[in-house]
């Protein structure tokens, strides 16, 4: 009888939630709990700004090329292109290139999703979080043509500036960056 109860309890605890499709996945809460148990994120830190606090970072007047990427952990195209920005950060830092990754993750997800993501992906670029609920205001201030869709990137140096509302391949990103290195 004890074995039957144990098997029944084990079956209940290991059940997976059905999605609307035909595949099964563990619930997000269960995955989050597993991540929290396994990953120590106490060493992960980043600054959190509203748009007014972020604005100086996207308008620096110096001799460097600045690459500012707006992304979120829940944005699949953003996650796919992050290694390309990491490549730029690592391989072009000696050419006066700085990369800033601006997370648009929700504040409630910083501890349970964003920090573990940064740790797992071993992101080395500077990361800040934008916490400003007045999206109608700041999206247009980043670029007048930005719809607010992610990913989005600004590359600038001095008065030369280009905004991209798209995801990049590594080659595309390097090609655009090189326009600013000339």
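The values are calculated or read from the model by the stated rules, or taken from the named source; none is laboratory data. All values reported here derive from a predicted model rather than from experimental measurement. Because the Cβ atoms are built from the backbone with ideal geometry, glycine has one as well, and the counts that use them run over all protein chains shown.
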Expected single match for surrounded by 14 or more Cβ atoms within 10 Å (Cβ to Cβ), in the same structural domain as residue 167 (by TED's automatic domain parsing), closer than 13 Å to residue 70 by Cβ and touching a strand residue (DSSP E or B) at 6+ places or on another chain (Cβ under 9 Å) among 118, 155 is 155
Note on the range 102-112: residues in contact with a helix residue (DSSP H, G or I) (Cβ under 8 Å, 6 or more places away or on another chain) and modelled with pLDDT of 95 or more are 102, 103, 105
Just give me the residues in the range 123-182 being in a helix (DSSP H, G or I) and more than 24 Å from residue 52 (Cβ to Cβ), in sequence order.
170, 171, 172, 173, 174, 175, 176, 177, 178, 179, 180, 181
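What residue, of 41, 65, is buried (at least 16 other Cβ atoms within 10 Å of the Cβ), touching a helix residue (DSSP H, G or I) at 6+ places or on another chain (Cβ under 6 Å) and within 27 Å of residue 182 (Cβ to Cβ)?
Working: 41 fails: within 27 Å of residue 182 (Cβ to Cβ).
Within the list 41, 65, the selection yields 65.
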Restricting the search to the range 67-87, which residues are closer than 10 Å to residue 170 by Cα and within 10 Å of the chain's Cα centre (by Cα)?
81, 82
Within the range 1-101, helices (runs of 4 or more DSSP H) holding 1 or more residues that are in the same structural domain as residue 121 (by TED's automatic domain parsing) and modelled with pLDDT of 80 or more
51-54, 76-92
